[in-house]
Amino acid sequence: VVHMANLAIYVSAHVNGVAEIHTNILRTQTFRNWYERYPEKFVNITNGITPRRWLLLNNPEMARLIDGKIGDGWHTDLPQLKKLTPFLDGMLPAFVRIKRENKKKLAAYISEHEGVDLSPDFIFDVQVKRLHEYKRQMLNALSVLWYYFGIKDGEITDFPPTAFIFGAKAAPGYYLAKAIIKFINEVAKLVNGDPAVADKMKVVFVQNYNVSYAEKIVCAADISEQISLAGMEASGTSNMKFMLNGTVTLGTMDGANVEICEEAGRENNYIFGAPVEEVAAIKQYYCPREIAEQNPRLKRALETLVDGTFSDGSGMLRKLYESLLTGYEPDRYLVLYDFADYVRVKTQLLYDFGTDEFNKKCLVNMANVGKFSADRSVSDYAKQIWNL
């Protein structure tokens, strides 16, 4: 038996983990034996995105605001955005106005294409990316139900009006990923069909999520959900696109989130969850059923998968339930383990939203996004890999 990764490492000149945390995981865990034999092969060049598409093209009014403060050199030298730092307080009113206009445009587009009406006065809480269990869209969806039941029961009385926006595609044969898509859409039907919460919550799973949709979403988001289990996300680039457009990250210390916090400050983002150093040990003793029993509202949200709340003629939702609670390796991505910390930090974020302090965090992220330019990535490849 020939293992493809081993063969690839042997014949390659270099191996890149595409984010500092994952390059270190390759060196110390996944391919430790290879690293000990060929240490010179292992390099880190963190991924990047192009500011021409992801700010100049999709958010032109914000780009003009920046040009008016520091000129246009940042178009091809993204670290120049750091020059915005002295101007951030004065930019707040214009930043808030432009963000709201972008939210109005996205709301109109979603109304036309998805048939769901969103108010730009709602917080736009966004998770858009490939659908995979490790990216934990399930964690987000369960939190939506947790908030919904809390509002319905009167336990949550002053919930900040929030639109939960999902976008994703699943691999054709990935059964559980498709089950998660079904679950999110069932949650959306429940929430959007209940007039009692119409002024508090909306849920939408956008159809055919692609780059064109992403261009409209990343400049309108108030929250960037990057909630993969620590140690699973190689890098991520949606996190960079949101950061570039002035959005705080709600996430774990995984992938490029680690470097986002290094660049913009952990205090300017919202971090939760088990750190990568503890994940393996947690899995040795972890019992997801105990977590569910200790959190009645979470248990109620989980029971909707099997108690007839949602249509499940195919049995997909039951399989999802089993994967979290009763399967061979239940909840392998620690959805329930991280749940309490996730809703704690997420709730804090929702209540922080709209304050000058919150908006300043958004701008601090934008001003410190320079490292994540694809121009820097390509330059690093040219110097370290291609010897150009």
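Evaluating 6.51 cos²θ - 1.76 cosθ + 1.60 at θ = phi - 60° for every residue in the range 317-328, the Karplus couplings come out as 5, 5, 4, 5, 4, 5, 5, 8, 10, 10, x, 4 Hz, glycine and proline recorded as x. Annotation: per residue accessible area for the chain equals 43 Å², rounded to a whole number [probe 1.4 Å, protein chains only].
Residues whose amide H falls under 5 Å from that of residue 248, counting only those 5 or more places apart or on a different chain, are 224, with hydrogens built in the peptide plane.
Structural descriptor for the range 199-252: relative contact order 41 percent, calculated from alpha carbon pairs under 8 angstrom and at least 6 residues apart.
For the range 1-125, the convex hull drawn through the C-alpha positions has a volume of 207 cubic angstrom per residue.
Within a straight-line Cα-Cα reach of under 28 Å, residue 41 can be paired with the following lysines, leaving aside sequence neighbours fewer than 8 residues apart in one chain: 371, 383.
For the range 51-173, the spread of Cα coordinates along the three principal axes comes to 51, 42, 29 Å, biggest extent given first. Counting only protein heavy atoms and a probe of 1.4 Å, the accessible surface of the chain is 53% carbon and sulfur. Around the amide H of residue 201, modelled in the peptide plane, lie the amide H atoms of 162, all under 5 Å away and 5 or more residues distant in sequence or on another chain. In order along the range 76-92, the phi-based Karplus estimate (6.51 cos²θ - 1.76 cosθ + 1.60, θ = phi - 60°) of 3J(HN,Hα) comes to 10, 8, 4, x, 5, 4, 4, 5, 5, 3, x, 9, 4, 4, x, 7, 3 Hz; Gly and Pro are listed as x. Candidate cross-link partners of residue 99 among the lysines, defined by an alpha-carbon separation under 18 Å and a same-chain spacing of 8 or more, comprise 69, 216, 241, 360, 361.
Whole-Hz Karplus values for the range 356-361 come out as 4, 4, 5, 4, 5, 4 Hz, taken residue by residue from phi with 6.51 cos²θ - 1.76 cosθ + 1.60 and θ = phi - 60°; glycine and proline positions read x. Restricting the calculation to Cα atoms, the chain yields a radius of gyration followed by a Dmax of 21.3, 64 Å.
Can I get the semi-axes of the range 245-388's equivalent ellipsoid? Compute them from the C-alpha gyration tensor as square roots of 5 times the eigenvalues, in angstrom, largest first.
Details: eigenvalues 260, 94, 47 Å².
Largest first, the range 245-388 gives 36, 22, 15 Å.
Which value, in debye to the nearest 20, gives the size of the charge dipole of the range 239-335 about its Cα centre, when Lys and Arg are +1 and Asp and Glu are -1 at the Cβ?
Working: 10 positive and 15 negative charges, 74 e Å.
Using only the charged Cβ atoms, the result is roughly 360 debye.
Both the radius of gyration and Dmax for the range 306-345 are 12.3, 36 Å, in that order, over alpha-carbon atoms. Using alpha carbons only, the radius of gyration of the range 190-309 set against its Kirkwood radius gives Rg/Rh = 1.02. Using C-alpha pairs below 8 Å separated by at least 6 residues, the relative contact order for the chain is 23 percent.
A simple spin-label model places the labels of residue 210 and residue 113 0.9 nm from each other, with each point 7 Å out along Cα-to-Cβ. Divided by 2.2 N^0.38 Å, where N counts the residues, the Cα radius of gyration of the range 123-195 comes to 1.17.
The values are calculated or read from the model by the stated rules, or taken from the named source; none is laboratory data. Bear in mind the structure is a predicted one, so any value in this text is a computation, not a measurement. Because the Cβ atoms are built from the backbone with ideal geometry, glycine has one as well, and the counts that use them run over all protein chains shown. We work out accessible area using only protein heavy atoms, side chains counted, and drop any ligands, DNA or RNA first. Shrake-Rupley method; radii C 1.70, N 1.55, O 1.52, S 1.80 Å.
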